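Chemist: One structure follows; several queries about it will come next.
The numbers here are math on the coordinates, done by the rules we state, and not lab data. Just so it is clear, the structure is predicted and the values come from calculations on it, not from any experiment. Every residue, glycine among them, receives a Cβ derived from its backbone with ideal geometry; neighbour counts consider all protein chains shown.
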Amino acid sequence: MYWNKTKECMDRAEIKKLQSERLVKMVSYVYHNVPYYREKMQKAGVEPGDIRGVEDIEKLPFTTYEDLNKAYPFGLAAVPKSELVRVHASSGTTGKPKIAVYTRRDIDTWSECAARCLTMAGVTRDDVIQVGYGYGLFTGGLGAHYGAEYVGALVLPMSTGNTKKLIDMMIDCGATAIACTPSYLLHVAEDLQKAGLVDKIKLKTAICGAEPWTNEMRASIEKQLGIKAYDIYGLTEILGPGVAADCDAHAGLHIWEDHFLPEILDPATLKAVPEGQSGELVITTLTKEGMPMIRYRTKDLTSLETSKCSCGRTMARIQRFKGRTDDMLIIRGVNVFPSQVEAALLTIDGTTPHYMIIVDRVDNADTFEVQVEVDERFFSDEVSKLENLSKQINAKLREALGLNAKVSLVQPNALVHSDGKTKHVEDRRKLYQ
């Protein structure tokens with residue numbers, strides 16, 4: 001099933017030609033409309049006329065998290081605010097979020113890309129789809145919502161936080177599709193089984209993303225609910241959910257190359273690697289108006305496959321992610337950087353800069369623990385004092401990250417101290433095996 005067969009099944013030569021045409025226009029567009037990019041290009045000794053096609057992409061400078069921080073909030077916008085209609089954001093390495101802004105056309109493009117992904121998962125205008133991603137600044141909720149409406153499906157905007165109500169609505173409204181994180185869907189499946197309600201649902205498909213998940217988790221979801229589960233990928237900085245998704249072949253995520261130009265680069269040399277070899281995924285937006293991204297370094301490690309898929313689509317497929325080049329964690333669909341935890345702890349009197357983040361997956365749900373060394377001056381046997389400190393830390397972390405953490409206070413020097421790069425994260429989830 002296709003949403004836009006003309007584009008999804010283009011010949012590889014046609015794809016390259018279209019990408020080249022759009023890249024040339026995009027480079028000229030950002031050069032003349034985004035002073036920040038113009039300065040970067042001038043420093044790199046590149047002018048729009050130097051870019052004549054995709055083969056010249058390596059001449060262009062990269063865009064990174066640091067650029068987003070420096071240009072915060074609207075320094076990378078290519079149009080005046082009067083032409084912008086939406087702001088989204090996700091966690092950044094500092095206290096400031098990564099901002100993305102959209103024009104009306106950007107929203108339409110996003111909706112169409114998301115519609116392609118949902119159609120691959122079997123969603124049609126005859127379906128009732130629950131959107132269980134968070135709404136608001138997070139792109140998940142509205143991204144899936146607009147894509148589903150574009151398809152013509154009936155949307156139940158459930159968001160997160162009330163599983164009982166979601167299950168009630170799933171049964172009462174006859175939901176046939178759901179979009180949410182895979183770990184949350186497993187939680188829903190368990191609640192349905194405990195209540196003996198699995199045979200009451202009409203669910204047939206799930207579109208899961210916002211966090212890494214394994215083939216084993218997919219198999220568990222499909223077995224417990226008797227449905228098909230599909231993976232969807234997106235980044236706030238690029239667009240949101242809908243950048244890529246998998247089809248029935250589950251042989252990689254089709255990235256919509258008419259809108260995005262993907263590269264796989266060696267993280268050390270930042271040079272292109274041969275097809276099939278793993279490296280860092282770098283994406284250039286080819287049609288985005290509000291805040292285009294030129295060679296954005298995603299930090300995600302993967303490879304690309306450009307052979308024609310058994311589903312008939314010719315768009316390149318992003319293979320299973322093997323990890324990241326930075327220390328970002330995705331916990332319950334939320335981006336978390338150790339630097340955010342450290343910054344929060346440093347604002348609390350009685351703690352030290354020594355901490356350890358422990359993430360695990362228990363009963364298909366992410367657990368998030370932060371072990372914190374207490375300053376020797378404040379460490380005591382008085383339980384009430386330690387409990388108050390623990391509550392204070394938890395509140396500060398929740399404010400900074402939007403997540404609840406289990407806070408474990410440890411005595412001075414209990415954690416490993418290092419003169420070099422100290423390890424602050426222990427991720428036990430085995431997501432990239």
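Chemist: Given 0.36 nm per residue, what is the gain on full extension from residue 250 to residue 223 after removing their alpha carbon distance, in nm?
Modeler: Result: 8.1 nm gained on full extension.
Chemist: Just the projected area, averaged over all directions, of the convex hull on the alpha carbon atoms of region 1-81: how many nm²?
Modeler: 7.3
Chemist: Per 0.36 nm of contour for each residue apart, how much would the distance between residue 168 and residue 343 grow if the chain were fully extended, relative to their Cα-Cα spacing?
Modeler: 58.9 nm
Chemist: I've got another one for you. FRET efficiency for residue 137 and residue 385, Cβ-Cβ distance as r, R0 = 35 Å, nearest 0.05?
Modeler: Calculated transfer efficiency: 0.45.
Chemist: For a label point 7 Å from the Cα of residue 154 along Cα→C-beta, name the residues of region 1-40 whose backbone N is under 13 Å from it.
Modeler: none
Chemist: Between residue 404 and residue 64, what is the label-point separation in nm under the 7 Å Cα-to-beta-carbon projection?
Modeler: The two pseudo-label positions are separated by 3.7 nm.
Chemist: For a quick protection proxy, order the peptides 317-325, 367-375, 252-260 by their average other-Cβ count within 10 Å, most packed first.
Modeler: Highest to lowest by the protection proxy: 252-260, 367-375, 317-325.
Chemist: Under a point spin-label approximation (7 Å from Cα along Cα-to-Cβ), what is the residue 198-residue 277 distance to one decimal in nm?
Modeler: Computed distance between label sites residue 198 and residue 277 equals 4.6 nm.
Chemist: Could you rank the peptides 23-30, 106-113 by their average count of other C-beta atoms within 10 Å per residue, with the highest value first?
Modeler: The densest-packed peptide leads the list: 106-113, 23-30.
Chemist: Non-local amide H neighbours of residue 98 (under 5 Å, H modeled in plane, Pro and chain starts lacking H): which ones?
Modeler: 90, 91, 92
Chemist: Once phi is turned into θ = phi - 60°, what whole-Hz ³J(HN,Hα) does the Karplus curve with 6.51, -1.76 and 1.60 give for every residue of region 50-55, x standing for Gly and Pro?
Modeler: Using θ = phi - 60°, the values come out as 6, 9, 10, x, 4, 5 Hz.
Chemist: A further question follows. Could you sort out which of 81/299; 59/288; 5/228; 7/40 sit more than 24 Å apart by Cα distance in this structure?
Modeler: 81/299; 7/40
Chemist: Further question on the same structure: Express the C-alpha Rg of the chain as a ratio against the empirical globular expectation 2.2 N^0.38 Å, rounded to two decimals.
Modeler: 1.02
Chemist: While we're here: Please turn the phi angles of region 386-394 into ³J(HN,Hα) values with the Karplus equation 6.51 cos²θ - 1.76 cosθ + 1.60 (θ = phi - 60°), one per residue in order, whole Hz, x for glycine and proline.
Modeler: 5, 5, 5, 5, 4, 5, 5, 5, 4
Chemist: Residue by residue through region 192-199, what is 3J(HN,Hα) from phi via Karplus (6.51 cos²θ - 1.76 cosθ + 1.60, θ = phi - 60°)? Round to whole Hz and write x for glycine and proline.
Modeler: Using θ = phi - 60°, the values come out as 5, 5, 4, 8, x, 10, 4, 6 Hz.
Chemist: Multiplying the sequence separation of residue 363 and residue 423 by 0.36 nm and subtracting their Cα-Cα distance, what value in nm do you get?
Modeler: In short, 19.0 nm is gained.
Chemist: Here's a follow-up. State, as an integer percentage, the relative contact order of the chain based on alpha-carbon contacts under 8 Å between residues 6 or more apart.
Modeler: 14
Chemist: Given labels modelled 7 Å from the Cα in the Cβ direction, how far is it in nm from residue 11 to residue 395?
Modeler: 6.6
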